[in-house]
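To keep things clear, I will list the structure first and then write my remarks on it.
Where a number appears in this text, it was derived from the coordinates with a stated rule and is not lab data. Everything numeric in this text was worked out from a predicted model, so none of it was measured. So basically every Cβ, Gly included, is an ideal-geometry build from the backbone, and we count neighbours across all protein chains shown.
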């Protein structure tokens, strides 16, 4: 046998081992590169990072401001300890968040920005002589203090949420969730809040609360119908109730609406008319439409969000189909998702992504980073926007939101009263104004109080009046 051949055969296992070692080192190197490039910020802020406390103590955490410069969170040194303070107490609790038992809200999202500085080597050198700590960058939010205060006052002692957004930019103007808490005292009361599951005080209902959408879902039902039908195709006579499969669907108070056009059925929120529409829909198409409007996916925001859920397709029963069409059944939505639904309409069918942090600024007031408008593209045709907008306008003029009929601005509205297992219906309102050039879109949920017309529309009117007339 050839000696060289024998030597080659002996070296084959060694070559395989060397190749394996090279591959393993390549995998290790790629893994390190991945963490350095994509996960470095997460590693820095991880509570298990032993250097985290040292980093925190070497800088005074920056301020968090509203859109007009009002300080919503700030820090001071007291007895050599850095104390985080929230001047408005519970007002911004769920959106700004807290530091202490972990980090939540904007405090968590902007944590690294708040402890970063614009220092140079000379600044660091001089600190060794003065013991003065540098101040981290400040974060400017999109929030409007006046609107937030009004929203909180209007919700009063009720459980619920309000989200207000500037449709054309995606700026979140107000985000209220009740009941709330004082982040200045979070360390004292944290365990009490955790135990009180009925109140769910720590839950941000605006982004994490999941509710049956009630009749606000009829916006999507109407859109699904219009994808394959003309407005003139629809006619229906309402007798106040009707049976679909094993389920009897009632209009509110068994009101008999009589002969209805599609626009009238929408404005008067006729349940039996819309359940009848459900018999004509391809439920797979409705499923796809809901996902275009953000269902079954987690909305990207600077805060924790829950995923709105829609699951029914063609194989479901007539009774479940009828319930789903009118916003009941297993469909669940967050107030954030509902305000984004009407924001798409306000933007002529375009999805403009929402955001809370508009700028990061250094101590010398130079801009470190600025958020730009994020247009995710067209979701809906202009023709369908015009039709649904006309339905919503009629709702504000003659329908379930007629309290909003005003000679000072025009409003596109939809109300809802969502049945649930915990008591009286949840009151819903979604809408935007002015229709000609929308400046504000609103979603309101008030838990277990009754109809949207009676309990959510008055809140919407106060918000619209203040923002559109008094500002």
Chain lengthening between residue 168 and residue 182 when straightened (0.36 nm per residue, less Cα-Cα): 1.8 nm
nm² value of the averaged projected area, convex hull over the Cα atoms of segment 329-471: 11.1 nm²
Segments 457-463, 257-263 sorted - mean Cβ within 10 Å per residue, highest first: 457-463, 257-263
Projected area, mean over directions - the chain, Cα convex hull, nm²: 33.8 nm²
Pair residue 280, residue 366: separation of 7 Å Cα→Cβ label points (nm): 6.3 nm
Pair residue 248, residue 436: separation of 7 Å Cα→Cβ label points (nm): 4.9 nm
Label-reachable residues, segment 248-263, where backbone N falls under 13 Å from a point 7 Å from residue 241's Cα toward its Cβ: 248-256
The chain: angle of helix 145-155 to the longest principal axis, Cα-based, in degrees nearest 10: 50 degrees
Distant alpha-carbon pairs in segment 135-180 (separation over 17 angstrom), percent: 41 percent
Rough spin-label spacing in nm, given labels placed 7 Å along Cα→Cβ, for residue 407 and residue 101: 5.4 nm
Taking segment 349-437 and dividing mean pair separation by its residue count, relative contact order in percent (alpha carbons under 8 Å, at least six apart): 19 percent
Highest-first arrangement of 421-427, 76-82, where packing means the average Cβ count within 10 Å: 421-427, 76-82
Stretchable slack from residue 149 to residue 23, in nm (0.36 nm times residue separation minus alpha-carbon distance): 39.4 nm
The chain: angle of helix 283-292 to the longest principal axis, Cα-based, in degrees nearest 10: 50 degrees
Rounded to 10°, Cα long-axis angle of helix 335-346 versus longest principal axis of the chain: 70 degrees
Segment 405-462-segment 221-276 distance, computed between alpha-carbon centres (Å): 20 Å
